[in-house]
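Below is one structure, written out as structure tokens; the observations come after it.
Read-outs throughout are calculated quantities, based only on the coordinates presented, and are distinct from any laboratory measurement. The model shown is predicted, which means the values in this text are computed figures rather than measured ones. Positions of Cβ are generated from backbone atoms using ideal geometry, with glycine treated the same way; all protein chains shown enter the neighbour counts.
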Amino acid sequence: MQTRDEIFATLRTAMVELFELDAERVTLTANLYQDLEIDSIDAVDLIDHIKRQTGKKIAAEEFKSVRSVSDVVEAVYRLVNPAN
């Protein structure tokens, strides 16, 4: 079981590596598209990275509602902790 803090730390590291972002820009309240300038292709890369890390895929329709880093953390948390 992963906590939200652990997921956020892993996600922040991945976003810094994948998208060459400064770590301090990747906050829970940061908007993926406006604040971090992630486009749809980047979002697909992020979904693929999450799948490799968790062994589970986030449904594309669920990811469409994701707007902030916090939303991604919640989506991954529900993915890896389905009973919660």
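What the table shows:
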item: Residue match in the stretch 61-84 (condition: exposed (fewer than 11 other Cβ atoms within 10 Å of the Cβ), closer than 18 Å to Ala9 by Cα and out of contact with any Leu (no Cβ under 8 Å at 6 or more places or on another chain)); result: no
item: In the stretch 25-82, residue farthest from Asp5 (Cα to Cα) [restricted to those that are charged (D, E, K, R) and part of a loop (DSSP other than H, G, I, E, B)]; result: Asp39
item: Within the stretch 32-58, tally of residues that are within 11 Å of the chain's Cα centre (by Cα) and loosely packed, with under 14 Cβ neighbours inside 10 Å; result: 3
item: Output for the stretch 1-31, where each listed residue is within 17 Å of Thr54 (Cα to Cα) and in contact with a Phe, Trp or Tyr (Cβ under 9 Å, 6 or more places away or on another chain); result: Gln2, Thr3, Arg4, Ile7
